[in-house]
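Colleague: Pasting a structure here, questions to come.
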Amino acid sequence: MLRTPKKIITAHRQSEGGGFIVRRPFPTNGLDMVDPFLLLDEMGPADYAPGKAVGAPDHPHRGFETVTYMLDGEFTHEDSAGHKGTLRPGDVQWMTAGAGVVHSELPSERIMKEGGRVHGFQLWVNLPARDKMIAPRYQEVSADSIPKAHSEDGKAHAAVIAGEALGVSAVIDTHTPIIYHDWTLQPGADVTTKVAGEINVFAYVFEGEALVGGEKLTEGQVAFLGEGDEVQLGAPADAAQPARLLLIGGKPLGEPVARYGPFVMNTPEEIVKAIRDFQAGKLGEIAR
Ligand code: MN
């Protein structure tokens, strides 16, 4: 059975504090989360002048995962576990904060100095109660190591970041069943991919016009899909450019959510403890 859109919303670009350009399909006033997902941000695209690029300096996380996927530009991250690296176009960092980390996420030194374009995504994936206090873990996968799926007619391609598309499996390991695909759909593309029946699935179009479960979506629109075990994706035959979309899905946790800024736990008491632990330095600090 094909999944069809049960709700479509349009995300608009806005400037966050410090001039950070973001388009945020959720959370919004009308939609707190899409269990197990807590947030999706499209960062940019922003074209920074020399010395003007902005990011997120040292801050903590506990109780969930942040997934960063770069399309353009370079982001450098550093954390309290002594980890440091730079993400380039097509690279993914799947960070499990678990019991806690302090990290910074900033455009690379080169982009800070010379300016340039930054474009990417950050997805927040909730952890089940049993995994909230596990040790932090990083999975970093470079663009050329991310498996690619192709339709038989060659008009549809997917970078398979998590889960499976057209029989191609991701290399990233997730705590609960998750799919995360970046689809490129040439004009006239029409492809159907299987998804597990028990997961929440949405499609976010970030370039061009796409067909999702038979409905046309334009750039900035996200479609939340109803029940089924297949998703049909495509692009109008007369489209002027290929469409790009993220197809994201996950098995709902169905657990209480207590969130406060960078901490996502199950109860208010656990949030208070997270804040106290951070203030006491228990989440560590970045050695510089
Ligand atoms: Mn962060």
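Colleague: Given the stretch 235-288, what strands (runs of 3 or more DSSP E) lie entirely inside it while holding 2 or more residues that are away from the ligand (no atom under 16 Å from the Cβ)?
Modeller: It comes to 243-250.
Colleague: Could I ask something else about it? Can you give me the number of residues within the stretch 19-63 that are surrounded by fewer than 15 Cβ atoms within 10 Å (Cβ to Cβ) and away from the ligand (no atom under 14 Å from the Cβ)?
Modeller: Qualifying residue count for the region: 10.
Colleague: Residues Val231, Val264, Val222, Val212: which one is touching a residue at least 12 places away in the same chain (Cβ under 8 Å), among the β-branched types (Val, Ile, Thr) and more than 24 Å from His181 (Cα to Cα)? Working first, answer last.
Modeller: Numbers: Val231 fails: more than 24 Å from His181 (Cα to Cα); Val222 fails: more than 24 Å from His181 (Cα to Cα); Val212 fails: more than 24 Å from His181 (Cα to Cα).
Only one candidate qualifies: Val264.
Colleague: Can you find a residue in the stretch 122-129 that is over 27 Å from Val22 (Cα atoms), modelled with pLDDT of 95 or more and more than 16 Å from the ligand (Cβ to nearest atom)?
Modeller: Applying the first criterion (over 27 Å from Val22 (Cα atoms)) to the stretch 122-129 yields 128-129.
Checking the rest, the ones that are also modelled with pLDDT of 95 or more come to 128-129.
If we keep only those that are more than 16 Å from the ligand (Cβ to nearest atom) too, we end up with 128-129.
Checked against the condition, which is being over 27 Å from Val22 (Cα atoms), modelled with pLDDT of 95 or more and more than 16 Å from the ligand (Cβ to nearest atom), the stretch 122-129 yields at least one hit.
Colleague: Would you check if there is a residue in the stretch 157-174 being exposed (fewer than 15 other Cβ atoms within 10 Å of the Cβ), modelled with pLDDT of 95 or more, outside any loop (DSSP other than H, G, I, E, B) and hydroxyl-bearing (Ser, Thr, Tyr)?
Modeller: Within the stretch 157-174, one or more residues are exposed (fewer than 15 other Cβ atoms within 10 Å of the Cβ), modelled with pLDDT of 95 or more, outside any loop (DSSP other than H, G, I, E, B) and hydroxyl-bearing (Ser, Thr, Tyr).
Colleague: Go through the stretch 78-114 and report how many residues are of a type in the set (D, E, K, R) and either part of a loop (DSSP other than H, G, I, E, B) or free of Cβ contacts under 8 Å to residues at least 12 places away in the same chain (or both). Spell out the reasoning first.
Modeller: In the first step, residues of the stretch 78-114 are kept if they are of a type in the set (D, E, K, R); the result is 78-79, 84, 88, 91, 105, 109-110, 113-114.
If we keep only those that are either part of a loop (DSSP other than H, G, I, E, B) or free of Cβ contacts under 8 Å to residues at least 12 places away in the same chain (or both) as well, we get 84, 88, 91.
Residues in the stretch 78-114 being of a type in the set (D, E, K, R) and either part of a loop (DSSP other than H, G, I, E, B) or free of Cβ contacts under 8 Å to residues at least 12 places away in the same chain (or both): 3 in total.
Colleague: Please count how many residues of the stretch 193-208 are buried (at least 22 other Cβ atoms within 10 Å of the Cβ) and not aliphatic (A, V, I, L, M).
Modeller: Summing the residues that are buried (at least 22 other Cβ atoms within 10 Å of the Cβ) and not aliphatic (A, V, I, L, M) in the stretch 193-208 gives 4.
Colleague: What number of residues within the stretch 10-51 satisfy the criterion of being within 22 Å of Asn126 (Cα to Cα) and either among the aliphatic types (A, V, I, L, M) or in a strand (DSSP E or B) (or both)?
Modeller: Summing the residues that are within 22 Å of Asn126 (Cα to Cα) and either among the aliphatic types (A, V, I, L, M) or in a strand (DSSP E or B) (or both) in the stretch 10-51 gives 17.
Colleague: Separate question: Where residues in the stretch 78-99 are modelled with pLDDT of 95 or more and within 12 Å of the ligand (Cβ to nearest atom), which of them is nearest to Leu246 (Cα to Cα)?
Modeller: Among those that are modelled with pLDDT of 95 or more and within 12 Å of the ligand (Cβ to nearest atom), it is Gln93.
The values are calculated or read from the model by the stated rules, or taken from the named source; none is laboratory data. Quantities reported herein were computed from a predicted structural model and do not represent experimental measurements. With ideal geometry, Cβ positions are generated from the backbone for all residues, glycine too; neighbour counts draw on all protein chains shown.
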